[in-house]
Each structure stands twice: as C-alpha cells, then as structure tokens.
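A short reminder: the numbers here are calculations on the coordinates, not readings from a lab. All figures in this text were calculated on a predicted structure; none of them were measured in a lab. Cβ sites come from the backbone with ideal geometry, for glycine too, and all protein chains shown count toward neighbours.
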2 protein chains.
Amino acid sequence: MNKKLIFAAVAALPLSAFADEGMWTIDNFPAQRVASKYNVMIDDAWLRTAQLATTRLENGCTGSFASADGLVLTNNHCTWGCVRNLSTEERNLSDEGFMALARDEELQCPGQQISVLVNMEEVTDTVAKATAGLDDAAANDARKAELTRLESACEKNSGNTLNCEAVSLYNGGQYFIYSYKRYDDVRLVFAPELDIAAFGGDPDNFNFPRWCLDMTFLRAYEDGKPASTPNFLQWRQAGPRAKEPVFVTGHPGSTDRLLTITQLKMLRDVEYPLWLLRYAELRGRMLAWADTSPEAARAVQQRILGIENGIKVRRNLLKALQNDEMMAMKAAEEKKLRAIVEADPELKAAYGDAWRLIDDAIESYRNFYEAHLFVEFAAGFQGDLFNYARTIVRGTAEREKPNEERIRSYTDGALPGVEQGLFANRPVDKKYDKLRMTFSLDKMREWLGPDSEYVHLVLGNDSPKTLAAKLVDGSRLDVADYRKQLWEGGAAAVETSNDPMVKLALAIDNDARALRKRYENEVEAPRIRGEEMIADARFEVYGTDTYPDATFTLRVTYGAVAGWEEKGADINPFTRTSRLFERTTGERPFKLPASWIEARERVNPDTRFNFVATTDITGGNSGSPILAADGNLVGLAFDGNIHSIAGNYWFDESVNRTVGVNTAIMLEALDKVYGADHLVDELTVVN
Amino acid sequence: MNKKLIFAAVAALPLSAFADEGMWTIDNFPAQRVASKYNVMIDDAWLRTAQLATTRLENGCTGSFASADGLVLTNNHCTWGCVRNLSTEERNLSDEGFMALARDEELQCPGQQISVLVNMEEVTDTVAKATAGLDDAAANDARKAELTRLESACEKNSGNTLNCEAVSLYNGGQYFIYSYKRYDDVRLVFAPELDIAAFGGDPDNFNFPRWCLDMTFLRAYEDGKPASTPNFLQWRQAGPRAKEPVFVTGHPGSTDRLLTITQLKMLRDVEYPLWLLRYAELRGRMLAWADTSPEAARAVQQRILGIENGIKVRRNLLKALQNDEMMAMKAAEEKKLRAIVEADPELKAAYGDAWRLIDDAIESYRNFYEAHLFVEFAAGFQGDLFNYARTIVRGTAEREKPNEERIRSYTDGALPGVEQGLFANRPVDKKYDKLRMTFSLDKMREWLGPDSEYVHLVLGNDSPKTLAAKLVDGSRLDVADYRKQLWEGGAAAVETSNDPMVKLALAIDNDARALRKRYENEVEAPRIRGEEMIADARFEVYGTDTYPDATFTLRVTYGAVAGWEEKGADINPFTRTSRLFERTTGERPFKLPASWIEARERVNPDTRFNFVATTDITGGNSGSPILAADGNLVGLAFDGNIHSIAGNYWFDESVNRTVGVNTAIMLEALDKVYGADHLVDELTVVN
C-alpha cells in the first residue's frame, strides 16, 4: 500500500502533505496550496488568460491558441478523424502528413467544432427548487426540463452568440450553466506523419520513456477568415526545467473518484468485462480486415489505434479495481462517511438513505444492462449509417415536442450541433460500416441470446452478416444531401422512407425508448438523488476545499516535472532525440517516416523530446497545454503513464504521471524536419 | 443463495439430502447413496461393464463402444479435427457429412487415439516414501521421477501391451497408476453435417431447449482390422423416461472445486481476463479472415466454434467467481477447515502451513505469469509448425537423459504418443498458421511489453507479421517426412537445421526452460505440497466419502432426467423434432442441411431430440454415454446448460444440467435421414 496516496475529499492533513491531486475548477483553484508547496502564486489574471487560451475540441479533446490568428495546437491523435476524412485513395494524409504552405491551402475538417469557455454561472439553488418535493423519477424529469430551460435562457441572453451547457459538478452537489464561444469552421494546418506522431503505437501507448511528436495545428475560422484570438499562449523555446512547477488546463472527460463501492463493482464485474470482450474481438476483426486491401488498411489504421487505446485503458481500469487493498481502502472511506452520517440524527435524516438508493439503482440496472446497452445505447447497431438513422428518427420526433420535454441531446441549444454533424460532408466507408454492423448485430445476438425479443425483431430470419449487408448496401444515408432532405422533410419523410437503415431505427425506436425510460426511472433518478445526497454530506462533513470528478469541462491541475521510481530504478523525466533514432526498427510501429530519416543529421540529438510531470489528468486532456508558472507553454499533454489509468479512481502522486511533448522538439521538428518557417514565424517564441 | 447447493467434501447431512453431485471414481462409487435416493442398485458388474465400454479419446473427449467390432459413439464436435484433416478443397466433410457404406470406406483419422481403462493401482504410500524429508522443490522433482519409474514398471509388467499413467486424485491426496489399452488406428465411420450436429451454433451453445445431432461414429482398428470389443453398450430405442435415474461415465477434464480462495482469485483476476482478451481478439481475426475465401472459411469454421465455446465457458466461469455470495461461501468453508486445523495441535502441526504455502506460490506466480504463459506455455508461438518445432527440440534433448530425469511428457511411456502425433500425416494450413503466429507474437509483445528481453530475442527488428511470415513460409515442418528425419537425426540434425521454426524453438528454449524450472520450484512445488496437506486434512476431518476434482480420468456420475426452473418457468427436459423444423431460419447457424429438409416428411415430428439430466459433468465428458440403471445406452452427453459452467467450482442441483442427444433421434436420423441401415444393423437396439 502506497503511503503517499490520498483520496479525494478525505484529506484532513497539513497543507504541505497534499499530493499534486485534483482536476480543479477555474473558480476554485487552490492557489494557496500551490504557493505553499511550489512557491509560485497563480493569480486570477493567470487563470483568466489560461481559460481563454484553452479550447475544447468537441470530439473529446483539448487545444490551445498558439497565435492571434486562431492557430490551435492539439494532439495529432485528436485529429485522426479529420485526417481520415480528408484523405483519398491517392493521398493518405495519415501516412504522408500534411502541411498547408499558405492559409488558402488549409483544409476544412468536416464537422469539427472548437469551443472556448467564456462564462460560468451557478444554478444549484434554481435546480433544487425545481425538483423540491418530487419523487426521484419525477425529480429526474423536472431537473432535465429545468436545465434545458436555463440553457435556453442563457443563449437568448447572449443574443444567441454563445452556446450554453448545463454542468453537474460533485455528482450533483453543484449545478452550473457554462457559456462557450463556438467555432464551427476548423481547418487542418499541419499534421506530422502517423509514424512519428504515434511512434511506438499501441506497444508504447501509456509507456514512458517515449518519443511521440503527437502534435497537430488546426485553425479556427470565423466568416471564412482566421478567427481573431488575442488570448493565445507564448511558447518557451527550451521547454520545462526538471522539477519546475507546471500546470495543465483542459477538459478531462470523466473520472470515477466519487463512486460508491456498489458502483465500482458494477464496473468491475459487468461493464468493463463486456466492453473488453466486445472490443478485443472488434480489434481482431479490424486487424484481419486491414490485411485484405490498402483501402481497408487506410480506413481502420487509426481506428485500430483508438480501440487499442481503449482496451489498454479498460484493462488497467479493471486491474485497478481488482486490487483488493485499494478496494478495501475505498470501502473504508465509504464506511467512515456513512458512520459519521449515521451518528448524527440530522445528517442521517438528510443523507442516510443515499447508499441504499444507489445500491437499488445498480441492482435494477444489472437486470437489463445488456438490453439497454445493445438496443438504446446502440451497441447492437454500430456504424456511421445507423448513427445518422437514429439521429434523424429521434431528432425528427423530438423536434415536434416542446423544448423542455425533449431528450436533452435534441434541445434547441443542441440542435445546431446535431445538424452540423448530420449535414457535414464526411465520407462513409460502407465496407467498414458493414464490418461494424455485422459485428454489433452478432454481439447483440450473443449477449441477449437468439430468443430475445429484440433480436427477433431486428434479425428476423437473417444472420447478422446478411442483415448488415442489406442495411448498409441499401442505405443512402452516406449522402449528406439525402440526410438533409430526410431531416427537413420531418416525420412524414422519415415514416415513409424506404431506406432500410431508417426503417430499422424506426422499428426499434419504441423498444429503445422504453429501455431509456426504464433506465431513467429505475437507475438514473435514484442514482442521481443518492449521489446528490452523498455530495451534500461530503460538503457538510469535509468542507468545500475539494474538486469534482471530471465532466469534460474546464479544469486546472498543478504539479512538477518529475520522473518516478519503477521497480527500484529512477525514470528520468526527459527523453532525448538521439534515443528515438536508436529505437527505430524500420517496422511499424517503430518505423520512422522518410522525413525524419532524411533529417537525422540536421536534428540535434540532445533535444528533449517527451517528458513527464506529476499533474493529475485523464482522457479529454489530450491536447492540453502544459504551462509554466510564468504562463508560457512548455509542453503538450498527450498521454499518461500506465499508472495514470488507475487515476480514474484515485491519485497516487508517487507514480501517476502526465506525458507531454516538449516545446523544444516541436520547434526543432517544425524547423529542421518540416521546414515550416511560416508556422514558427506565426508563433511567439520566448527563451 | 440457493439452499440446495452443497460444497464438495463439506457434507454432514443425512443421505436423502445429498444432491446429485460428484464425479466419482469407479472404485469409490456411492452405490448406497444412489440406492437410497433412486431405489436402484448399481453393482460392481455394472460398473465394470461401463468401465470397459467407455473409451477415452486422447484429444480430450469420451466415447462408448457401440458394437463388438470396435464401433465407437462420440460427439461430432470431438471429431472436428479428424473431419478437417480428411477434407479437401473438393470435398468438405464438415459441410457434407460423411458415411462409409462399407468398412473399406472408413477413413483413418490422422493421429487419433482411443484408450480404455483396464486397471487402477494405488501408489500413494510409494510416492510419499519417495518424497519424505525433502524440501518442496526437491520433493517435486523426486515425485515426478518416482511417477515416471512407476509408469515404466507398470508398462514392463504388462509386457508393453498397456499404457500406464500416473494420476493424482484429491489434489495429491492419493496417487494411482492407471493402465489403458490403447488403439492407435481410429477411423471415421459416420458424421452428420455440421449444420445439424451443431444446430444453433455458438448462440445456442450451453443453451437448452436444444436440437443438436452431435454424434459421430468412429471405429477402433487393431492390426488393420476392426478391433474386437466384447464390452459394448446396447441402445434403448425410446431413450430415457422423465425422472428416470441415469448415469454418465466418462473422462471429465478438470474442475476446481477444491481450490483455495487465493487460487480462485488468481483465476478471476489474472488468468481468465487474459485468456478472454486474447481469444476474443483471435476470434475476431478468424471471423474476418474466414470471409476472405472459401478455403479460409473451411479452415476455421469449426475452430471458431471451438474458440467461441471456450469464450462462453470462461466468461461464465468469470461470472461465477464474481458472485460475491458464492465466494463468501467458499471463503467460509475454507475458514471453517482452517479453524478446525488450528484448534487441534496435531492437525495444526501437520497441515497448518498449507494455505500459506499456496498463498506464497500464487503470489510468486503473479510476478512472472505472463512470461511463463507466453514463453514456456508457448502462448506467444501458437500454431502447428511451432508445436512440431518445440516437440522436436525438446524431445530430442530429453531423449538423451535418463528416463526418470526427463520432462514427464517425454518419458519412455509418453514417447510413442509423441511420435504418433509428430509423424501423423495431418495437413498444415500455412495461411492459418501464419494468422495464429502473427496473433500470438503480437500478444506476446503487447503483454510482455516491447522492451521485454524475450520480445527482443524473438522479434529483433521484425514486426510480428513480418517474423510470422518468415517463420511459416520458410518452414518445412508441414512435411511429415521432414519431421521424422529431424526427430530421428537427433541433436545433431536439430542443431544444424536451417528451418526457421526449429531455430526459433532452439533460440528460446533456454529461457523457456528457465521459466519452467522457476515455475516448478516457486509455484508448483509449494502448491502441490500445500494441496496434499489440505487433502489429507480433509480426509481426517470429513472422511473419505467424497470425490476428487476431475483429472481427465474415468468417473461415474448419477442423477435423473429432469428439467429445471428458469425465471419462474419450468423447462421441459425433452425437446421434440417438430420444433427443430420450426426453429430453422435458413441461415447459419440455424440452417438445416439438405438431407434434413428432404427427409422432413419421413421424420416423426414427435421423436424426442435432446434432453437434460441432473448428472454432474464437465468438459471432457463430451461424447460420454448416458446409461440407464439397466446398463443400456439412452443418450449421448454433448453439453451442459449455462448453469453447468459454474459447476467448475460448485454443483447446484437446482439448475446444473447435462444436455444429451436422445438415442431415439439418433436411431431415427440414421434410419430416416441417412439411410444408414448397415449401422443400425450393427447396433444392438432394445426396447
């Protein structure tokens, strides 16, 4: 058991003992704690600039402005979809990389959106009022309606210049409305070859030492012109110093540090094993399919890396939860809070039922988890075409309802994003779609059983492969105009459509919605109520000097550049370029692109490449700027080490590390490998 | 918690309360218990006949003699390897089925062996003497040497007419030498089409109701003529009656009912997840590869079903171990025995250390489990060609040692079987071998990491795919004569061989043997010692009216034909033929072969097809005869229901069921579908 490990929100230790733990909201950043540990003062101006220079990529990543002309630095792996969509048979941008020599060569990424958080307003009391006195299921409905209303009002208040999103923090302990400035026109500026961006591939993923140039430049456009972005980050030429305090701003996707033991066991025993079995098989299908033709290989190359990343994450999440000692520590923490609540009549009356509510919700969910997953969450119908069909069928029905009664992904606030995704001219690879659809129908039959009513309804007398072929070959949903026509035609167009994918989405929709409602009433409603109660109990018992679980909203973490000890050996926090050239084998994923082989003599072998820091990040932080206390960019977060995966449940400063690309190698590569003088010139580089 | 559940060896209940639990050895069958529960007396003559009429298929199954001329009934799925080896591009015996119209049309199954247990001799004391006073590692070596010596003496005593094998029962509580008569010439007589043999495929696997004609006839030959087998089973025309007591004889492969909690957690947290992840991916690779050509499909069709079976088994084994209540019950049982041992100074002195020994063994194994699995157990080098290479390299080295110092799979007793496997003219599908080799090298790199010394030694600068191609394309080990030449050439031939697969097996052998030795000394030796101590403690505390875990040796189980209750509904123990025809969809795996569609009007729709019984069986019992108390064959075991999988750890009579093919449908199909009059005539059918 590692003694340095501290659980979130259980800390009753002197300040100096605090680990570099926490994905803090910008309005609750523990500046005093940081000052006391690292002797640097992070003030409101610093935080405000960092906030406005940090962008959210709506496909699940983070970026940062790198110039006043909308230039955005993010990870290469955050732009794989864009790169694939822009590739053709003749030109594989993933293999070849991409560089626009002038702005008119920058290529629009279909459907890509970038947002900047400009305002946060707490609405906890308003939400509480809207749900007061209601039973759990009714409260759940009322809460959603209220959040939709608040979002709508916020957008109107901004003259519809901002996107407003409700955010639940501390598992329902607080509600906020966050307002974003959104850019819908995002273009690809520069991307290195996949072989250097993801050098080491899946074998090296989550490993360190590491040598990945996992960077891409995008550019935000407004009205067809580069956006004006006065809040951008200066780059430090040399990157960070050893032991230097650093800060990561970004949008960590989710963590599970506040879950109860029952919830953790549901993940450990049901959700992760099912996910892993499905995706291990899909990985196998994709790998074998990639061997059948160069087009197939191009279609799935990056997707395989994405799946492999997901597998590595989840098998380490599973491993973390199989650690009996850690689970016992979690259980002890839960027991302690419950004992405090039980011992105080007022606390007991207010929060005593919380854990039972959650236990009941999870027990109920276990009874229909697979059906809900395959039918409503569409794990049985994977693929671009079904996604379009579901969106069109659902969206068409939802648009006819009053805004506050809709499923929240189809509210007036959400619809512009939905439509952008639906109308974007992304190519659909029908062969790949067929592979996914065959696979997912197959898995649905496997897990629900051949005698399931859902399976009968969907498959009839067809095998998964036969049905997938009929659905995919027969569908025209790969044509953006056709999707637009259906969407604009409304219910009449949808209901009379002969498109087999639309017909499937329609046929299954009643069952899917019934499962959704069952989930909302039996699982979500009591779970949210229980979580809110536990959050409030924590605030009362432990105070508010704490941070919420990640929710893909803006957070700041702090730490320092530092290696760690692995099996008795010290890991140096920096890697250097010389070792990259020694490590290449000539075979993927350890193959260098031609540009690097050619540039070998020009590149300084001592240039620092990747580095690690103690900052507390997770998925969604990909592309995050790593900042020094002076506000300058010193690195680009792109991964965590293998120990960082358990960070989903607990932060262990002794081994949990962020992995970043050093600004030194980014500048060196732009200059010496890619000859990207125009990009280096656009940056503001300081020493 | 089901109240009817009883753990092995913990019973202190009146006789009538005993569940139909236990895979009993033939010499310790609880005839009194059966008589008291079912009012039928199983005597020694009954058991002796059943013993001699039951055969072991050395590829992991069971069969029974069906005539005095060596005819053997077993499962179709036990003969998939044979059927595949005998198929050609022109003639797919799996799709088409096979029937020899005369004996000279019967086709030899390459490498297939069948054995009959003829004698059992207890040697517990001899083994104890050989290991007395030695430390665990030395005792482990001495035990192996003694067992090899005993086997060797037994074979000499029989004038080398019998094969003698050491057997450890009750996890080391008893040691036996079992003697077998072995048939090396086994031929295919009749096999129905895969579509009816495995109707419902993976979706229906472990399900019931069920409709599978999972039967095959083989024939044992001696000196080129059908073997004389006077001990065979008569078939009952009508199959079993509802509630009738029935008995299954056969060779259950393994169960884990006596494992400690630490051992169960090792399976739950390490071994099953790793296996499942690997095989889910391999399944995916094979499924996608099968789509690339008819030959590929033929090569992997049955292998995919085999892997899917393994996945279903292990995911339900995992689910069983994730059942906290059952684990708590197991833990309570262990705690109870330990408390009894601790409370008695003599027991404590003799057995008190047992659990600590096993805990230490497992903790040690966790440190090198992956390396041991991939390098020594060859999970990193899957495929026929590497198996041949390993056998040649290891066997050649081992043959030069004195018999008692060899690895036990290369003793004088084992070598004839090794050579038969090595020299058998089985076709090797090089493309499929390449797929497996690519996959397994890939997984080795994934799980050991790209910086592992083993991975460096094996891959060098190659990718898994490149190396697999070099190894498989360059190897001549697919040629039986070449294998024979190497084997007979001995160490000189092996060491100078240029065959890349032989070179790989040689290159890795030192590391593999070192891991083997580490496993034997650090894991196996203390584990066996601990298990022996626990077994002895159990005998002293609970007595010997109990049965050992399965060990792929002959066992008899008892029970009755009975359905069970599933979600409030009673499952009828019999299915009928009419429903088979209703259930077909025309698409695999619910497609009927042409023979059945054509015969539909001739087949009696009321004929009973499959049935379930409460008998306690597991994998290895596939192909087992299901006998009535009168000694007649009434069915053919081919599966268990889904609840039977948890039977690996505990037997729950309320839901655990054997699934069998009714003799009624086997006879009807032979007569009405296949016109196999000559086979029906060879059987002895009674009413």
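Loop sites by DSSP among the GluC sites (Glu not before Pro) of chain B, restricted to those with at most 15 other Cβ atoms within 10 angstrom, leave B:91-399 as the longest stretch without any of them.
Amide H to amide H, with H built 1.01 Å from N, B:LEU233 comes under 5 Å of B:PHE65, B:ALA66, B:SER67, counting only residues 5 or more places away or on other chains.
A Förster distance of 60 Å, applied to the separation of the beta-carbon atoms of B:LYS401 and B:GLU325, puts the FRET efficiency at 0.75. Neighbours of A:THR161 by Cβ distance under 11 Å: Lys/Arg scored +1, Asp/Glu scored -1, total +2.
Give me, ordered by chain and number, the residues 5 or more places off A:LEU107 or on other chains with an amide H under 5 Å from its own placed amide H. Counting only residues 5 or more places away or on other chains, the set is A:LEU188.
Taking a straight line from the alpha carbon of B:LYS591, these aspartates and glutamates sit under 12 Å away, with near neighbours fewer than eight places off in the same chain left out: A:ASP462, B:ASP95, B:GLU193, B:ASP195, B:GLU582. Ellipsoid semi-axes for the protein assembly as shown, based on the Cα gyration tensor and the rule √(5λ), read 57, 35, 34 Å when sorted largest first. Counting Cβ atoms of other protein chains within 10 Å of each residue's Cβ and taking the mean over peptide B:445-453 gives 3.
Once the chain from B:ASN425 to B:HIS456 is taken as fully extended at 0.36 nm per residue, the excess over their C-alpha distance is 7.7 nm.
Once the convex hull of all Cα atoms in chain A is built, its volume per residue stands at 155 Å³. Scalar couplings 3J(HN,Hα) for region A:249-265, obtained by applying the Karplus form with A = 6.51, B = -1.76, C = 1.60 to θ = phi - 60°, are 9, x, 10, x, x, 6, 9, 10, 6, 9, 5, 7, 4, 4, 5, 5, 5 Hz; x denotes Gly and Pro. Which part of region A:605-638 falls in the paramagnetic zone of A:THR49, meaning amide N under 20 Å from the point 7 Å along Cα-to-beta-carbon? Counting backbone N atoms under 20 Å from the label point, the list is A:624-637. The lysines within cross-link reach of A:LYS517, meaning a Cα-to-Cα straight distance under 16 Å and a gap of 8 or more places when in the same chain, are A:LYS144.
Think of the protein assembly as shown as having a plus end and a minus end, set by charges on the Cβ of Lys, Arg, Asp and Glu; of A:TYR674, B:GLY133, A:ASN160, A:TYR674 sits farthest toward the positive end of this dipole. Normalised by 2.2 N^0.38 Å, with N the number of residues, the alpha-carbon radius of gyration of region B:280-331 equals 1.65.
Helix content alone sets the calculated 222 nm mean residue ellipticity of the protein assembly as shown: runs of n ≥ 4 DSSP H residues at -39500 (n - 2.57) each, divided across all residues, give -13500 deg cm²/dmol.
Distance from a point 7 Å along Cα→Cβ of B:ALA102 to each backbone N in region B:224-257: keep the residues under 17 Å and list them by number. Those under the cut-off are B:225-226. The HN-Hα couplings worked out from phi for region B:301-312 by the Karplus form 6.51 cos²θ - 1.76 cosθ + 1.60 (θ = phi - 60°) are 3, 6, 5, 4, 4, x, 5, 4, 4, x, 5, 5 Hz, whole numbers, x standing for Gly and Pro. The H on the amide N of B:GLY635, modeled in the peptide plane, is under 5 Å from the matching H of B:ILE626, B:THR663, each at least 5 residues off or on a different chain.
Our coupling estimate for region B:195-205, obtained by passing each phi through the Karplus curve with A = 6.51, B = -1.76, C = 1.60 and θ = phi - 60°, is 4, 9, 5, 10, 4, x, x, 4, x, 8, 4 Hz, Gly and Pro reported as x.
Using a 4.7 Å Cβ-Cβ cutoff, the cysteines of the protein assembly as shown lacking any partner cysteine are A:CYS212, B:CYS212. Checking the cross-link filter: which lysines have an alpha carbon closer than 19 Å to that of A:LYS503, excluding same-chain neighbours under 8 positions apart? Excluding near neighbours in sequence, the set is A:LYS430, A:LYS434, A:LYS465, A:LYS470, A:LYS484.
For A:VAL118, the distances from its label point to the matching points in the remaining copies are 9.3 nm, ordered from shortest, with each point set 7 Å beyond Cα toward Cβ.
Shielding by partners for B:285-295, please: the mean number of other protein chain Cβ atoms within 10 Å of each residue's Cβ.
Values: counts 9, 4, 10, 15, 7, 1, 7, 4, 0, 0, 0.
That works out to 5 on average.
Out of every Cα-Cα pair in region B:100-157, what percent are more than 18 Å apart? Cα-Cα pairs in region B:100-157 separated by more than 18 Å: 58 percent. Extension gain for the segment A:ASP473 to A:ALA491, taken as residue separation times 0.36 nm less the Cα-Cα distance, is 4.1 nm to one decimal.
Residue by residue along A:272-284, Cβ atoms of other protein chains within 10 Å of the local Cβ number 6 on average. Treating r as the C-beta distance of B:ALA242 and B:ASN28 and R0 as 35 Å, the FRET efficiency rounds to 0.75. Evaluated with a Cβ-only charge set (Lys, Arg +1; Asp, Glu -1), region B:118-178 carries a dipole of roughly 120 debye about its Cα centre, given to the nearest 20. Shape verdict for region B:473-618, please, from the Cα gyration tensor: rounded (a/c under 1.5), prolate (a/b greater than b/c) or oblate. Verdict is oblate for region B:473-618. Considering only alpha-carbon pairs that sit under 8 angstrom and 6 or more positions apart, the relative contact order computed for region A:368-541 is 33 percent.
Label-to-label distances for A:ARG48 across copies, nearest first, come out at 10.1 nm, using points 7 Å from Cα in the beta-carbon direction.
Distances between copies at B:GLU598, taken between label points 7 Å from Cα along the C-beta direction, are 6.7 nm in increasing order. If you plug the beta carbon distance of B:ASN231 and A:ASN367 into 1/(1 + (r/R0)^6) with R0 = 56 Å, you get a FRET efficiency near 0.65. So how far, in whole Å, is the C-alpha centre of region B:622-687 from the one of region B:496-573? For region B:622-687 versus region B:496-573, the Cα centre distance is 26 Å.
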